[in-house]
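First comes the structure, then the notes that go with it.
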Amino acid sequence: MTATNMHGAMPGKVTPNKKAAGGKTTTATNSVSITDSTGSLIQAHGRNLWTTSQVIAEKFGKRHDNILRAVVNLDCSDEFRLLNFEEVNYIDEKGKPRKSFDISRNGFSLLGMGFTGKSAAKWKELFIAAFEKMERELLRIASRKTDPTLRIATSEKSAAATLMTDCLVDVREEAGKPTKPHHFITEHSLCNWVLIGHFGPLNPNDLDCLTMRRLASIRKRNAVLIVKGLDYTERKNALREAFPLTDVTMLGAA
């Protein structure tokens, strides 16, 4: 059987990174990250968890080239290196390609042995905690996907969203008005406000069945009000009257 690296790719393959603000990068698409007051430490794609040599250099107060050298000089087997350190490319602030490493949990543990001092100990604890938190989150998300009741509630929520946006497009089209992306965002934000009391996006992985079905009902009601011709303020007031905030709603969105 042919071995693969930490991202499941063939050995020797260099994974291209995408340029991000400040020259920072992400390696895989559809990835998620654990972010707290320390910043984004850990990334995930599928079941793979990793950090980067850039993040390690920043948090431990070291030059990135020194971290790269430390990775290269690690006294470990080729198999361990293949499974836990993947060389990738990123584009720096000047538009130049640079080398970096994506580093697994085990790779970080080995690399971190060489970091000493009180500050280094603090950051090692934070990285370990972030890896553990991400692992728990991935397990939680995976368990949700196999729950048939949650899958049904998710489908109901999505169908209600489609109904609401279709009604919005039809009504605006009849009025000779184009529908732009911010119009959809406004309606979804309104429904989220009705649900949990504040505007902005929701993380669907944080919603239980009761909350998702309540959100579906809010969206369906908003669709009816849109078709009736109520303006935004009228719909906002009508929705709040029909769906007052409850402790259950707030708990489901937490």
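Dipole check for region 56-124: with +1 at the C-beta of Lys and Arg, -1 at the C-beta of Asp and Glu, and the Cα centre as origin, the magnitude is about 440 Debye. Over 18 Å apart at the Cα level, from the set K145/K220; K180/K236; K62/K122; K62/K124, are K145/K220; K180/K236. Taking the centroid of alpha carbons for each part, region 77-139 and region 168-230 are 41 Å apart. The local environment of N84, defined by Cβ-Cβ distances under 14 Å, has a net charge of -4 under the rule Lys, Arg +1 and Asp, Glu -1.
A simple count of charges around L207, restricted to other residues whose Cβ falls under 10 Å of its Cβ and scoring Lys, Arg +1 and Asp, Glu -1, yields +2.
Any read-out appearing in this document is the output of simple, stated calculations on the displayed coordinates, not a laboratory observation. Because the structure is a prediction, the values reported are computed rather than measured. Ideal geometry is used to build each Cβ from the backbone, glycine not excepted, and the neighbour counts take in all protein chains shown.
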